[in-house]
Amino acid sequence: MPTPEPIPVACDELRTRVENRIGFIELNRPQALNALSLPMIRAMHEALDAWRDDPQVLAVVVRSLHPRAFCAGGDVRFFYEAGRRGDVAARDAFFIEEYSLDHAIFTYCKPYIALMEGVVMGGGMGISQGAHRTGGLRIVSETTKMAMPETRIGLFPDVGAGWFLARTPGAIGRYLAVTGAAIDAADAIYAGLADAYLDTSAIPALLDALGTARLSDGGDVLACIEGFASQAAPPLPPGAGGRSAALPLAVTRAWIDRHFSQPDVAGILASLEAETDSGAREWAQETIRVMRERSPLSMAVSLEVVTRAEGPMSDCLRRDLDLTRSIFDHGDVVEGVRARIIDKDDLPAWRIASIEDVTRAEVEHMFVSAWTPDTHPLRHLLG
């Protein structure tokens, strides 16, 4: 049978093609580190829909055409401007379509493989983490810098990331959600947020092999990739890759579990401040410093997102959409984006200035939905 024609896309920011019975989705917005625009989201979803029942497509590979970043998130400037002008409909439309795409990936019926070079943050996690549920692979490299840094701008780990963070070992997910800490390839594999490692220098050879291998099913695609990848990442020197501190998660795990198992952010902070172990003290002080820079309300909401993420992904994504309404109407995201990204003065005036002043009632209020179950825009999502 002839190879299907490439799926038409709305812009040049994302390219799709089929080669040797593999659907390739290639992110091509380097000036924004492949941050997802609405046209990119729509084109990606369109391709996945077209390939879902196509017997000539055995698997899907998503990658960046630019090694500096896989995907740095969603189009923050878009929803910031929508929030500034009070355009709730435009803002809702962006998140509805983004979360629908994330769910489509999570429930995809064919192996989905994400080559996660460079920066993988926010929305980049949304279009990569679901690969694990498809029987596919999340592949990291020596350049991978992975994070959900939303508390820095007053947001929360959305795109269903709470589901994956809740399933990391111990309290690692709570730590990553609250602090927004960046991790490297070895940490990502340790945390269960990646499946395999591949040096960036080997990617051209892998792509060549995928283009010429004899493939009869998705398992053949995976076998070809696994012939290049390894199950463990080599150790990187301090400061290399995505690591923001010298100590890997495997070393700090006991400290993370001890402090971030506390029931709320104030309790976490108090536990860190009481740390007396000489080995852990410096790490605890640096973690306190980071937390003092983040939005207190956002950190509390982010912790709750992970706590509530024990149900299906569809519930998590509906809750994420609810929170986008609340975080814009009652939270810190507009101010956080202004301070960190637009004006870059790094002086956000958080609505609640102190971690100790965030009440349980404030947090609960953020989770109140603007919709009933019968009117929710994501009510059709299952699983």
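Observations
- Members of region 262-276 found to be more than 11 Å from residue 358 (Cβ to Cβ) and either in a loop (DSSP other than H, G, I, E, B) or of a type in the set (A, V, I, L, M, F, W, C) (or both), listed by number: 262, 263, 268, 270, 272, 274, 275, 276
- Residue in region 44-58 that is touching a Cys at 6+ places or on another chain (Cβ under 9 Å) and either charged (D, E, K, R) or on the phi < 0 side of the Ramachandran plot (or both) present: yes
- Which listed residue, of 52, 29, 77, 84, is touching a strand residue (DSSP E or B) at 6+ places or on another chain (Cβ under 9 Å) and basic (Lys, Arg): 29
- From 160, 239, residue being surrounded by fewer than 16 Cβ atoms within 10 Å (Cβ to Cβ), out of contact with any Lys or Arg (no Cβ under 8 Å at 6 or more places or on another chain) and either modelled with pLDDT of 95 or more or not acidic (Asp, Glu) (or both): 239
- If you go through region 119-151 and keep only what is of a type outside the set (Asp, Glu) and surrounded by fewer than 23 Cβ atoms within 10 Å (Cβ to Cβ), you end up with 132, 133, 134, 135, 143, 149.
- Residues of region 189-205 satisfying the condition of being surrounded by fewer than 19 Cβ atoms within 10 Å (Cβ to Cβ) and not in a loop (DSSP other than H, G, I, E, B): 200, 201, 202, 203, 204, 205
- Against the criterion of being over 29 Å from residue 353 (Cα atoms) and in contact with a strand residue (DSSP E or B) (Cβ under 9 Å, 6 or more places away or on another chain), residue 211 qualifies.
- A Cβ distance below 6 Å, combined with a sequence gap of six or more or placement on separate chains, defines the contacts here; from region 90-108, residues that are within 11 Å of residue 159 (Cα to Cα) reach residues that are part of a helix (DSSP H, G or I) and of a type in the set (Val, Ile, Thr) in the pairs 95/324; 97/41; 98/41; 101/41.
- Every pair of residues 6+ apart whose Cβ atoms lie under 7 Å, when the first sits in region 334-348 and is free of Cβ contacts under 8 Å to residues at least 40 places away in the same chain and farther than 10 Å from residue 154 by Cα while the second is among the charged types (D, E, K, R) and part of a helix (DSSP H, G or I): 346/340
- The residue that is surrounded by the most Cβ atoms within 10 Å (Cβ to Cβ), counting only those in region 253-265 that are touching a residue at least 24 places away in the same chain (Cβ under 8 Å) and within 16 Å of residue 305 (Cα to Cα), is 265.
- Candidates are the residues of region 47-91 that are of a type in the set (D, E, K, R), at pLDDT 95 or above and not in a loop (DSSP other than H, G, I, E, B); the one that is nearest to the chain's Cα centre (by Cα) is 63.
The values are calculated or read from the model by the stated rules, or taken from the named source; none is laboratory data. Model, not experiment: these values are computed from the prediction. Cβ sites come from the backbone with ideal geometry, for glycine too, and all protein chains shown count toward neighbours.
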